[in-house]
Amino acid sequence: MARNSTRPKIPYHFVVIDSPLYNAFACPGGIIFVSATLCKSMKSEAELASVLAHEIAHVCHKHALKSIKRAKF
């Protein structure tokens, strides 16, 4: 999915974190975190694919970077 995104040259990294929360989030530069609890609750690879696609879209649209820039002002 990352290779077919609008920003395919970013070196994406996917990390599963040990957290009791059902959450996933993207950081600038293509680092995407998914909680182990969220992964364990998934019933299929399609559910994981949809979460990863959602987070990749955040990276592509630079949402986190825009939030950081807004916070500086």
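The values are calculated or read from the model by the stated rules, or taken from the named source; none is laboratory data. Values in this document were obtained by computation on a predicted structure and should not be read as measured data. All Cβ positions, glycine included, derive from the backbone under ideal geometry; neighbour counts span all protein chains shown. Accessible surface areas use protein heavy atoms only, side chains included; no ligands, DNA or RNA. Shrake-Rupley method; radii C 1.70, N 1.55, O 1.52, S 1.80 Å.
For this structure, a couple of remarks:
- Loop-resident sites, region 1-62, for trypsin sites (Lys or Arg not before Pro), counting at most 12 other Cβ within 10 Å (DSSP): ARG3, LYS9, LYS43
- Positive-pole candidate from ALA26, HIS63, SER44, dipole of the chain, charges at beta carbon: HIS63
- Residues of the chain: accessible area per residue with a 1.4 Å probe, Å²: 73 Å²
- Principal axis extents of the Cα atoms in the chain, from largest to smallest and rounded to whole angstrom, are 40, 28, 15.
- Size of charge dipole - the chain - debye, nearest 20, with Cβ of Lys, Arg +1 and Asp, Glu -1, no other charges: 500 debye
- Between helix 63-72 and the chain: long-axis angle, C-alpha atoms, 0 to 90°, nearest 10: 50 degrees
- Relative contact order for the chain: 31 percent, from Cα pairs under 8 Å spaced at least 6 residues apart, divided by residue count.
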